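One structure is given here, and the rest of the page talks about it.
The values are calculated or read from the model by the stated rules, or taken from the named source; none is laboratory data. What you are looking at is a predicted structure, and each value in this text was computed from that prediction instead of being measured. Backbone-built Cβ (ideal geometry, glycine too); neighbour counts: all protein chains shown.
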Amino acid sequence: MSSAPIFGLVLTGGRSSRMSRDKASLAYHGRSQLERTMDLLEPLCSESFVSVRPDQRNDPLRARYAQIVDREPGLGPLAGILAAQAEVPTAAWLVVACDLPRLDAGTLSQLITQRDAGRLATAFRSSSDGLPEPLCALYEPAAAPVIATYAASGGRCPRKFLLNHDVALFDLAHSHALDNVNSSAEYWQTMDQLAPENSQQMRDVRVQYFAILREQSGLREEQLQTCARNPGELYDELRARHGFTLDRGSLRVAVNEEFGSWEQPLLAGDSVVFIPPVAGG
């Protein structure tokens, strides 16, 4: 019996809470992780899709691609896998997370070459702990009802599913290919390793000022170039330039109209607002 066709699925439905910004939009190789991952899947899959939460459907980055929308909230990555299997139950799904900047075509080709279509899934062993890597794995059509039963019984972890079911496991040819990046510190460490020329480059950002910051700077907003890696470094730079009297602990920061952290990666084109306390607060 011939193997089922392979469809690709890039998981982008996470909240990126530790990174404080969308991990699918981060660029390590000159384009976003979503774009790069979709490009890696394109020659290997009959069709490829982006896995999204319902509220992400109109996001400009994701809207460029065919989407599969999560049907069951609160299941994490498992929601994306279940939705894809429900959408096309006859396909084998090559599921890949969007936060794997070291993933390469050779690793995906290795997975497909070593595919065991007689098992529920084919996956790699983690090079760090030997456990299955569920978010760069190939799930066969036969896995769909088994995963659905696992989720219905309260299962949420794709790794535990692989550990307790009949799957084929192989060692990675490139041991760091599936290293994921979850935090700002990990992001800049990875940038220094993969693209040191980009990690120190100047970035064009727009800064808006309110209340006492507007008074002290004499500006409503300014467009500037900075080598600051995060809003904290940017504020320190502007504090020295404009003589701001407030320290970071007195402010909140928003990036691209969303409250964020002082450590989140600052990217070219970002719009930053430093928000002082309200009068009398």
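What to note about this one:
- Subset of the stretch 58-114 that is under 15 Å from Leu172 (Cβ atoms) and out of contact with any helix residue (DSSP H, G or I) (no Cβ under 8 Å at 6 or more places or on another chain) - its residue that is surrounded by the most Cβ atoms within 10 Å (Cβ to Cβ): Leu111
- Unmet criterion (only one of (1) part of a loop (DSSP other than H, G, I, E, B); (2) surrounded by fewer than 16 Cβ atoms within 10 Å (Cβ to Cβ); (3) at pLDDT 95 or above; (4) among the hydrophobic types (A, V, I, L, M, F, W, C)) for Met1: (3)
- When each of Ala177, Ala185 is tested for being under 28 Å from Gln264 (Cα atoms) and either at pLDDT 95 or above or in contact with a Pro (Cβ under 7 Å, 6 or more places away or on another chain) (or both), the lone residue that passes is Ala177.
- Where strands (runs of 3 or more DSSP E) sit wholly within the stretch 14-125, those with at least 1 residues that are touching a residue at least 60 places away in the same chain (Cβ under 8 Å) occupy 92-97.
- Meets criteria (touching a helix residue (DSSP H, G or I) at 6+ places or on another chain (Cβ under 9 Å), of a type in the set (A, V, I, L, M, F, W, C) and at pLDDT 95 or above) for Leu9: yes
- Of all residues in the stretch 154-169, those satisfying the criterion of being touching a strand residue (DSSP E or B) at 6+ places or on another chain (Cβ under 6 Å) and not in a helix (DSSP H, G or I) are Val167, Ala168, Leu169.
- So Gly8, is it more than 14 Å from the chain's Cα centre (by Cα) and among the small types (Gly, Ala, Ser): yes
- Some residue of the stretch 236-249 being under 14 Å from Val205 (Cα atoms), of a type outside the set (A, V, I, L, M), surrounded by 15 or more Cβ atoms within 10 Å (Cβ to Cβ) and touching a Leu at 6+ places or on another chain (Cβ under 9 Å): no
- Of the criteria (1) at positive phi; (2) surrounded by fewer than 14 Cβ atoms within 10 Å (Cβ to Cβ), which one Ala211 fails: (2)
- Of the listed requirements (1) among the β-branched types (Val, Ile, Thr); (2) in contact with a strand residue (DSSP E or B) (Cβ under 7 Å, 6 or more places away or on another chain); (3) under 30 Å from Phe124 (Cα atoms), Thr190 misses just one: (2).
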